Structure formats: C-alpha cells, structure tokens
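This report concerns only the one structure given below.
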Amino acid sequence: MSNKRAVQFRKSVRTRHAFERIKHCKGCGSYSALWSDRCLKCGAEGKFIAIQAAIASLHKRSAFRDGMLIASISLGAFAMARNVTEMAVSLAAGAVLVAGYALLSRRYAAAIRSRMLHQLLLEENQSIREGLLLDIDDAANDLKSDDYKSAYEKLREIGYLITGNQVKVLKLMCLNHFILRSDMDLELQTLIPDDFDKDFILYLAEVCKVSPQLVGRETLNYVVRNRVLIEAMPAGRETLALAAGAALRVKGYVVQFEELIADFVDDFPKDRLLRLHRLIQESPSDYLLLYGKVTGAVQRKLGVDPEVQPETGGQNG
C-alpha cells in the first residue's frame, strides 16, 4: 500500500482488569470505553464516571442506607420503651449495631464491592454491550472519513472488551495504512482472525520486520494452518520466510515449527542463518530435519566464512 502514513499512537492506559476501562454516563446510564468526555448516546458532556467510582458510590449509599435502617430500628425500640432502662438499652444497642456494621463494612469493603461489581456487570451486560456498539459505530465513522489513526485508537480500546472477529478485521484495515516502526506499541496475537485473512498476513509481514518478538506460538500456528493460502499471495513466500525467521528467537519454537523453518532456510539472511546454525550445533540430535538443511545452506551461502569456521570444524586451505 503506497499511501501509508507515519503516525504516533495515543497512549493507551494499562489496567489490571478489562472492565476498569468501562465508564458510566450519569445522564442517560449508557456505557463507553473511549476517552471522550462526551456521551455518544445522550450527548452530555462531563457526565462520565469510571465504573469503579460508580461501584464505590453505590457501596457508600448502600452502607448509609443500611446504617440508617439499623438506627431507625433502634429509635423505634426507644419509642416503644416502657421505662428509662429500656430506653437506655435500646439506644446503646443501636449505637453498638451501627458501629459494628460500620466496622464490618469497612473491613470487607473490597469483597463487598467485588460482589457488587459482578452483579452490576451481569445486570448491565446488555447496556454495556449497546454502549460498546456505539463506540464501534463511532470508530467506523472515522474509518469512512479515512481517519485511520483515530479509528484504530478507538478500536484498540474497544478490543480490550470485545475480542470478536469484527473488531479485529476493522483494526487490521486501519493498521495496514500505517508505516510501522519498532518504537510503536503494536499488537499481533490479539489480531489473529478466526479464518484466513489477507489483511492480517500483510500486517504480519510488516510486524516480522520491525518487531519480530511479537510473533508467538499462536501466530506461528496460524501461519502453519494457512500456509498454502499465504504462499499463493504475492510475496507470500517472503512472508512465510519472515515468520519462520521470527521463530528462531525462541528455542521451543524452533523445535515445534522445525518443518516450517527447514523449508525456508535458504531464504534466511546471513545473521539468522548463523543464529540457527549455532543453535543446532548445541544439540544436533534434536534437529534431525534441520541439521542437514542448515549445514548445506551454510556451506552454499557462506562457504568458508570465518564466523562459521570454528563451529563447523572447517580448515582453511
């Protein structure tokens, strides 16, 4: 794609849990995962609160309500008392109960809020989904306007909560319009589609060049499953060779994907070929398929290269 753009992505806030990205509109009750302070449903500005803040507020109101209920019962007992002693007992009991409840509420606040959050997510599941679909529509409008950067940044936030194929495909449409760099916060595993997808393969090829460390086991399994279709693409063999080369970073991948790597040994640049050669020299019996191919490739492509000589045992002359 000749019209690729150089971009700098907006920083995405890291959270421990995906649900922490959800915020709630106090105006209409809608939900969103985007950073905008304007509600897409009701148009209100500044009405959003984080879902954790909403739970904390709900817990505080619930604790206050329960405390008032205990106090009301105590006052009722006080009003029904027949003598001063009963009045004193009812007030003292009420004070102890309120204090005890407040103490327990503070002590188990985390557990109570966790339960309330779980209940809220279950009860509001449909509303949350509807809010996220509004977020997707907003990103889709950016796509239609060729604002691929804004669209991707929004889809990236949504993707932490909705991991379906639709969001992956839209993100890939955006990413293939950018010039990728090693300093960018790129993703790969989270983009693996359910089926063969040309946009994913095009993106994979670029990621292999700038950030090969992102190529993990799931990506390599996808490449193996779709190898025939990938090889049929223009530059498909180059992409397969790049993916096979990226697998050399992890010894376990070399063992698991030995056949894929062996088929593209002749396509590896010198540095990767040398890395693979050194690895198999450590334990030739573990790489029965690779050993002969790598040794032959080293002899054909590098000859008596001094970097290889000490390891192959060759001699000058």
- Calculate, for D271 and T163, the FRET efficiency according to 1/(1 + (r/R0)^6) with r their C-beta to C-beta distance and R0 25 Å; round to the nearest 0.05. 0.10
- Task: Calculate how steeply helix 125-144 sits against the longest principal axis of the alpha-carbon atoms of the chain, using the helix alpha-carbon long axis, and give the answer as 0 to 90 degrees to the nearest 10.
- Result: 50 degrees
- Query: For q = 0.09, 0.12, 0.14, 0.19 Å⁻¹, what log10 I(q)/I(0) does region 96-240 give under the Debye formula with an equal point scatterer on each alpha carbon and no solvent?
  - Reply: -0.43, -0.63, -0.76, -1.12
- Message: How charged is the neighbourhood of K171? Take every other residue with its Cβ under 9 Å from the Cβ of K171, and add Lys/Arg as +1 and Asp/Glu as -1.
- Response: +1
- Could you give the length gained on full extension between M80 and S114, defined as 0.36 nm per residue of separation minus the Cα-Cα distance, in nm? 8.3 nm
- Note on the structure: Restricting to Cα pairs under 8 Å and 6 or more apart, the percent relative contact order of the chain works out to 13 percent
- Note on the structure: Shape descriptors of the chain over alpha-carbon atoms, Rg and Dmax in angstrom, are 30.5, 117
- Item | Sequence of M233, M173 when ordered by accessible area, the most exposed leading, probe 1.4 angstrom | M173, M233
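Roughly how many percent of the accessible protein surface of the chain is carbon and sulfur, given a 1.4 Å probe and a whole-percent answer? The partial results should precede the final answer.
Details: 9760 of 17760 Å².
Carbon and sulfur: 55 percent of the exposed surface of the chain.
Run the helix sum for the chain: -39,500 (n - 2.57) per DSSP H stretch of 4+ residues, divided by residue count, reported at 222 nm to the nearest 500 deg cm²/dmol.
Helix contribution divided over all residues of the chain: -19000 deg cm²/dmol.
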- Message: Compute, for region 8-164, the length of the dipole vector about the Cα centre, with Cβ point charges of +1 (Lys, Arg) and -1 (Asp, Glu) only. Units Debye, rounded to 20.
- Response: 540 debye
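Taking a probe of 1.4 Å, how large is the accessible area per residue of the chain, in Å²? Could the numbers behind the result be given before it?
Values: 17760 Å² over 317 residues.
That works out to 56 Å² for each residue.
Over 19 Å apart: what share of the alpha carbon pairs of region 172-236 falls there, rounded to a whole percent?
On the way: 522 of 2080 pairs.
Everything past 19 Å amounts to 25 percent.
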- Task: Work out the FRET efficiency for D195 and E123 from their Cβ-Cβ distance, taking R0 = 35 Å, and round it to the nearest 0.05.
- Result: 0.50
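By how many nm would the segment from R217 to K301 grow when fully extended, if each residue of separation counts as 0.36 nm and the alpha-carbon distance is taken off?
On the way: separation 84, 0.36 × 84 = 30.24 nm, distance 2.90 nm.
Length gained, R217 through K301: 27.3 nm.
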- Query: For C174, what accessible area in Å² do you get when you roll a 1.4 Å probe over the heavy atoms of the protein chains, rounding to the nearest 10?
  - Reply: 0 Å²
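The values are calculated or read from the model by the stated rules, or taken from the named source; none is laboratory data. Here the structure is a predicted model, which means the values were calculated and not measured. Please note: Cβ atoms are built from the backbone with ideal geometry, for glycine as well, and neighbour counts cover all protein chains shown. Side chains included, ligands, DNA and RNA excluded: accessible areas come from the protein's heavy atoms. Shrake-Rupley method; radii C 1.70, N 1.55, O 1.52, S 1.80 Å.
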